[in-house]
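What follows is a single structure, written as C-alpha coordinates, with notes after it.
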Amino acid sequence: MKVSKLIIVMSALLFFSSFAGAQEHSHDHAQEVLSESATGSDLTLIQVMHDLTHQMGRIEFGIMTNNRYMIEQGAKAVVSHPAPEGGIKPYLRKNHEQVKAAVPEMDQRVHKTAQKMVELAKTADMETLQRMAGEMYSACAKCHALFRD
(Lines give C-alpha, C1' and ligand atoms only; values in the text may rest on other atoms or scores of the structure.)
Protein backbone atom coordinates (compact mmCIF):
# COMPACT_ATOMS: atom_id res chain seq x y z
CA MET A 1 0.00 0.00 0.00
CA LYS A 2 2.80 2.44 0.88
CA VAL A 3 4.55 1.77 -2.41
CA SER A 4 1.44 2.54 -4.48
CA LYS A 5 0.93 5.87 -2.63
CA LEU A 6 4.56 6.74 -3.25
CA ILE A 7 4.18 5.96 -6.95
CA ILE A 8 1.07 8.15 -7.14
CA VAL A 9 2.83 11.06 -5.41
CA MET A 10 5.94 10.71 -7.60
CA SER A 11 3.81 10.50 -10.76
CA ALA A 12 1.91 13.63 -9.77
CA LEU A 13 5.14 15.53 -9.08
CA LEU A 14 6.60 14.50 -12.42
CA PHE A 15 3.38 15.36 -14.22
CA PHE A 16 3.18 18.85 -12.75
CA SER A 17 6.90 19.49 -13.19
CA SER A 18 6.47 18.79 -16.90
CA PHE A 19 4.54 22.09 -17.17
CA ALA A 20 7.23 24.23 -15.54
CA GLY A 21 9.75 26.28 -17.44
CA ALA A 22 8.61 25.93 -21.05
CA GLN A 23 8.42 29.49 -22.33
CA GLU A 24 8.23 29.98 -26.05
CA HIS A 25 10.44 32.62 -27.60
CA SER A 26 13.39 32.65 -29.90
CA HIS A 27 16.61 34.61 -29.91
CA ASP A 28 20.29 34.04 -30.38
CA HIS A 29 21.26 32.30 -27.15
CA ALA A 30 24.97 32.27 -27.89
CA GLN A 31 25.05 36.02 -28.46
CA GLU A 32 22.94 36.67 -25.36
CA VAL A 33 25.03 34.36 -23.18
CA LEU A 34 28.26 35.98 -24.32
CA SER A 35 26.92 39.51 -23.93
CA GLU A 36 28.03 41.35 -20.84
CA SER A 37 24.71 43.17 -20.82
CA ALA A 38 22.48 40.09 -20.93
CA THR A 39 19.20 41.03 -19.31
CA GLY A 40 17.11 38.00 -20.22
CA SER A 41 16.77 37.01 -16.59
CA ASP A 42 18.01 37.67 -13.10
CA LEU A 43 19.25 34.09 -12.81
CA THR A 44 22.86 33.21 -12.12
CA LEU A 45 24.77 30.88 -14.43
CA ILE A 46 24.45 28.08 -11.88
CA GLN A 47 20.66 28.55 -11.72
CA VAL A 48 20.39 28.47 -15.51
CA MET A 49 22.51 25.30 -15.66
CA HIS A 50 20.45 23.65 -12.92
CA ASP A 51 17.26 24.34 -14.87
CA LEU A 52 18.81 23.00 -18.08
CA THR A 53 19.85 19.87 -16.21
CA HIS A 54 16.27 19.50 -14.97
CA GLN A 55 14.95 19.90 -18.52
CA MET A 56 17.37 17.27 -19.83
CA GLY A 57 16.12 15.00 -17.06
CA ARG A 58 12.55 15.61 -18.24
CA ILE A 59 13.58 14.61 -21.75
CA GLU A 60 15.28 11.44 -20.49
CA PHE A 61 12.35 10.51 -18.27
CA GLY A 62 10.03 11.07 -21.23
CA ILE A 63 12.14 8.82 -23.43
CA MET A 64 12.29 6.10 -20.78
CA THR A 65 8.53 6.19 -20.18
CA ASN A 66 7.47 6.87 -23.78
CA ASN A 67 5.99 10.21 -22.69
CA ARG A 68 6.19 12.30 -25.86
CA TYR A 69 4.62 15.34 -24.24
CA MET A 70 7.34 15.40 -21.58
CA ILE A 71 10.03 15.09 -24.25
CA GLU A 72 8.52 17.94 -26.25
CA GLN A 73 8.13 20.22 -23.23
CA GLY A 74 11.65 19.53 -21.96
CA ALA A 75 13.09 20.27 -25.40
CA LYS A 76 11.03 23.48 -25.67
CA ALA A 77 12.42 24.62 -22.33
CA VAL A 78 15.98 23.93 -23.52
CA VAL A 79 15.33 25.95 -26.68
CA SER A 80 13.95 28.91 -24.74
CA HIS A 81 16.17 28.98 -21.66
CA PRO A 82 17.27 32.42 -20.47
CA ALA A 83 20.82 33.66 -20.44
CA PRO A 84 22.30 34.31 -17.02
CA GLU A 85 22.24 37.92 -15.91
CA GLY A 86 25.35 39.61 -17.25
CA GLY A 87 26.19 36.71 -19.59
CA ILE A 88 28.93 34.22 -18.72
CA LYS A 89 31.87 36.62 -18.64
CA PRO A 90 31.53 37.35 -14.90
CA TYR A 91 31.89 33.60 -14.25
CA LEU A 92 35.03 33.07 -16.31
CA ARG A 93 38.26 32.91 -14.40
CA LYS A 94 40.51 32.00 -17.32
CA ASN A 95 40.56 31.27 -21.07
CA HIS A 96 37.85 33.83 -21.81
CA GLU A 97 38.77 34.09 -25.51
CA GLN A 98 38.66 30.30 -26.02
CA VAL A 99 35.24 30.06 -24.40
CA LYS A 100 33.97 33.07 -26.37
CA ALA A 101 35.10 31.43 -29.61
CA ALA A 102 33.63 28.00 -28.80
CA VAL A 103 30.29 28.85 -27.17
CA PRO A 104 28.37 29.85 -30.32
CA GLU A 105 28.98 26.50 -32.08
CA MET A 106 28.23 24.41 -28.99
CA ASP A 107 25.20 26.53 -28.12
CA GLN A 108 23.83 26.14 -31.64
CA ARG A 109 24.34 22.36 -31.50
CA VAL A 110 22.29 22.16 -28.32
CA HIS A 111 19.54 24.51 -29.48
CA LYS A 112 19.23 23.20 -33.02
CA THR A 113 19.04 19.64 -31.75
CA ALA A 114 16.50 20.61 -29.09
CA GLN A 115 14.39 22.44 -31.69
CA LYS A 116 14.50 19.40 -33.97
CA MET A 117 13.48 17.27 -30.97
CA VAL A 118 10.46 19.53 -30.39
CA GLU A 119 9.45 18.97 -34.01
CA LEU A 120 9.98 15.19 -33.88
CA ALA A 121 8.81 14.43 -30.33
CA LYS A 122 5.40 13.22 -31.47
CA THR A 123 6.58 11.07 -34.38
CA ALA A 124 10.18 9.87 -34.05
CA ASP A 125 11.04 6.54 -32.48
CA MET A 126 12.52 6.67 -28.99
CA GLU A 127 15.93 5.50 -30.20
CA THR A 128 16.18 8.52 -32.50
CA LEU A 129 15.13 10.86 -29.70
CA GLN A 130 17.69 9.22 -27.40
CA ARG A 131 20.44 9.81 -29.98
CA MET A 132 19.39 13.45 -30.18
CA ALA A 133 19.54 13.76 -26.39
CA GLY A 134 23.02 12.23 -26.56
CA GLU A 135 24.07 14.90 -29.08
CA MET A 136 22.89 17.60 -26.69
CA TYR A 137 24.72 15.99 -23.77
CA SER A 138 27.89 15.80 -25.87
CA ALA A 139 27.78 19.51 -26.73
CA CYS A 140 27.05 20.37 -23.09
CA ALA A 141 29.96 18.26 -21.85
CA LYS A 142 32.41 19.87 -24.32
CA CYS A 143 31.37 23.34 -23.25
CA HIS A 144 31.61 22.45 -19.56
CA ALA A 145 35.08 20.96 -20.04
CA LEU A 146 36.27 24.12 -21.79
CA PHE A 147 34.68 26.33 -19.14
CA ARG A 148 36.43 24.42 -16.34
CA ASP A 149 39.87 24.19 -18.01
Filtered residues of segment 65-84 (kept if within 15 Å of H54 (Cβ to Cβ), assigned to a helix (DSSP H, G or I) and not β-branched (V, I, T)):
M70, Q73, G74, A75, K76, A77
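One residue is enough: does segment 85-107 have a residue meeting the conditions in a loop (DSSP other than H, G, I, E, B), over 30 Å from E127 (Cα atoms), at pLDDT 85 or above and under 18 Å from the mean Cα position of the chain (by Cα)?
Yes, segment 85-107 contains a residue that is in a loop (DSSP other than H, G, I, E, B), over 30 Å from E127 (Cα atoms), at pLDDT 85 or above and under 18 Å from the mean Cα position of the chain (by Cα).
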Give Q73, Q55 a once-over and let me know the one that is crowded, with 17+ Cβ neighbours inside 10 Å, modelled with pLDDT of 95 or more and touching a Ser or Thr at 6+ places or on another chain (Cβ under 6 Å).
Q73
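Determine, yes or no, whether A139 is of a type in the set (A, V, I, L, M) and closer than 14 Å to V79 by Cβ.
yes
The values are calculated or read from the model by the stated rules, or taken from the named source; none is laboratory data. Predicted, not measured: the structure shown is a model, and the values here were computed from it. Virtual Cβ from ideal backbone geometry, glycine too; neighbours counted across all protein chains shown.
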